[in-house]
Amino acid sequence: MPTVLLCTTTLGYQARAFDEAARRAGVTLRLVSDRCDHLDDPWGDDAIPARFDRDETLVPPVLDALAGTAVDGVLAVGDRPAWLAAHLAAARGLPWHRPDAVAAATNKLLARGRLLAAGLPVPWFVTIPARGDEDLDRLTRVRFPCVIKPAGLSASRGVIRADTLSALLAARERLAALLARPDVRGSATTTDDTLIVEGFVPGREFALEGVLEDGALRVFALFEKPDPLDGPFFEETIYVTPARVAPARQHVMAGHIARAALALGLHHGPIHAECRVDGEDIVVLEVAPRPIGGLCARAIPVVAPDRTRCALEDVLLAHALGQPLDHYGHQAIASGVLMLPVAESGRLRAMEGVEEVRALPWVTGVEITALPGSLLEAPPEGGTYPGFVFAQGAQPDDVISTLREASTRLRLVMDRALPISPASV
């Protein structure tokens, strides 16, 4: 049986989906995860404990654990695991994204620099420290509206729009507090607390899911984000495919993303890209060296070579093993996902309306991923979603209307999280 390494966090939603795909394909899936290395295989899955800090001294212990094991492919879920996966692939001589390309693609500042050097459209940007007064004179160059964001966070976490200088300075203080949190520092792709201030890019937002095959882009889905993402925060809600854009325009968008991936040095492996389109202008916001996050991959209507519905993880597993993907196709149906937003931070007491939503026409599934008692955070501090709703229909408008209706019927019952004063402890 061929063996594929999957680098993933212990809490990654997609690990189970890849495990199911591996069972279907008769493939051994070997996990490399950030679990405690002092416990003796607590989950019984023979996973290799690892750390996803960007420290090359952390790579040899994983390679040592693989000594004598043939590895036929590499996959990663998440930006931080992708860095380790790139180093493991390079050490084993397996085709995948290069380590330097992954490092650039998962750091907003490095990515902006590479796209700018390649002559691709990039909003103006300056950098400032999250703390201290050095380099704050750069804010004299800022035009409004603008966006401020940490260089090393993903999934719109910590992204804030500012329309005035006072709002920008307040957002900086908020992000400094966010970056000081141990849980956030542990999930960032860089320990540098640099903040990027850049011009706000107007327009509609889209996301592309695909793979690079020796530099050539193969598209699985172009998602439209029908809800406006104009700030002050940028929490995503609905993805729907196919996008309500003319096919010729979709090809142009894919071409821009392919050029951006090349500029970043990405060459072989999954990508998740996002762009903004305003009239004829297309600005690529990011090209991440990983598949789409959470459970959103379920919204991609992929068809297997035998013309039956399959999962994106099936395709990515075949790609990791070097198998041709020409016979995979797209199901002729509109499909989408609602990522349930969190309006107010607190502890989840209950989720109401789930059965109502399951009964809606076009809804194909509801997955509640947050357990009662879970601490949920609203944006920009929050970085996870408590649930997902999936729908399919004849047209994208059917899916969008269904998911919007689902959003009104699902209700988070929360207990407000109260801050604890050190004097009261």
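A Cβ distance below 6 Å, combined with a sequence gap of six or more or placement on separate chains, defines the contacts here; from region 339-351, residues that are modelled with pLDDT of 95 or more reach residues that are crowded, with 20+ Cβ neighbours inside 10 Å and of a type in the set (D, E, K, R) in the pairs M339/E236.
Given the structure, is L371 among the aliphatic types (A, V, I, L, M), without any contact (Cβ under 8 Å) to a residue 24 or more places away in the chain, surrounded by fewer than 16 Cβ atoms within 10 Å (Cβ to Cβ) and farther than 25 Å from L222 by Cβ? Spelling it out, L371 is indeed among the aliphatic types (A, V, I, L, M), without any contact (Cβ under 8 Å) to a residue 24 or more places away in the chain, surrounded by fewer than 16 Cβ atoms within 10 Å (Cβ to Cβ) and farther than 25 Å from L222 by Cβ. Among the numbered criteria (1) open to solvent by 10 Å² or more (accessible area, probe 1.4 Å); (2) over 17 Å from G210 (Cβ atoms), which one does E274 miss? Failed condition: (2).
Filter region 284-300 down to the residues that are in a strand (DSSP E or B) and open to solvent by less than 20 Å² (accessible area, probe 1.4 Å), then identify the one that is nearest to F206 (Cα to Cα). Explain how you work it out, then say what you get.
Start the filter on region 284-300 by keeping residues that are in a strand (DSSP E or B), which leaves 284-288.
From the residues that got through so far, the ones that are open to solvent by less than 20 Å² (accessible area, probe 1.4 Å) too are 284, 287-288.
Working: V284: 10, V287: 12, A288: 14 Å.
The residue in question is V284.
For region 381-396, the criterion of being surrounded by fewer than 14 Cβ atoms within 10 Å (Cβ to Cβ), in contact (Cβ under 8 Å) with a residue 24 or more places away in the chain and out of contact with any strand residue (DSSP E or B) (no Cβ under 6 Å at 6 or more places or on another chain) is satisfied by at least one residue. Across region 42-93, the number of residues qualifying as in a loop (DSSP other than H, G, I, E, B) and either buried (at least 21 other Cβ atoms within 10 Å of the Cβ) or small (G, A, S) (or both) comes to 10.
The number of residues in region 102-157 being under 17 Å from E286 (Cβ atoms), touching a helix residue (DSSP H, G or I) at 6+ places or on another chain (Cβ under 6 Å) and open to solvent by 40 Å² or more (accessible area, probe 1.4 Å) comes to 5. Looking at A304, is it of a type in the set (G, A, S) and either buried (at least 20 other Cβ atoms within 10 Å of the Cβ) or under 21 Å from the mean Cα position of the chain (by Cα) (or both)? No; evaluated as a whole, the condition is false for this residue. Of the candidates P341, P305, the single residue that is touching a helix residue (DSSP H, G or I) at 6+ places or on another chain (Cβ under 9 Å) and not in a strand (DSSP E or B) is P341. If I filter region 222-242 down to residues being farther than 17 Å from D398 by Cβ and of a type in the set (D, E), which single residue comes out as least open to solvent (accessible area, probe 1.4 Å)? Result: E236.
The listed residues are S335, S345, and the only one of them that is open to solvent by less than 10 Å² (accessible area, probe 1.4 Å) and of a type outside the set (A, V, I, L, M, F, W, C) turns out to be S335. Candidates V211, V219, V201, V252: the one that is more than 19 Å from I400 (Cα to Cα), open to solvent by 30 Å² or more (accessible area, probe 1.4 Å), of a type in the set (A, V, I, L, M) and touching a Leu at 6+ places or on another chain (Cβ under 8 Å) is V219.
Beta carbons closer than 7 Å, at least 6 apart along the sequence or on distinct chains, pair a first residue in region 138-159 that is over 22 Å from E274 (Cα atoms) with a second that is assigned to a loop (DSSP other than H, G, I, E, B) and at pLDDT 90 or above for F144/D163; F144/T164. Looking across A188, A176, one residue alone is in contact (Cβ under 8 Å) with a residue 12 or more places away in the chain, under 20 Å from the mean Cα position of the chain (by Cα) and open to solvent by 10 Å² or more (accessible area, probe 1.4 Å). It is A188.
The values are calculated or read from the model by the stated rules, or taken from the named source; none is laboratory data. Here the structure is a predicted model, which means the values were calculated and not measured. Neighbour counts run over all protein chains shown; Cβ positions are idealised from the backbone, glycine included. Note: accessible area is taken over every heavy atom of the protein model, side chains too, but ligands, DNA and RNA are not part of it. Shrake-Rupley method; radii C 1.70, N 1.55, O 1.52, S 1.80 Å.
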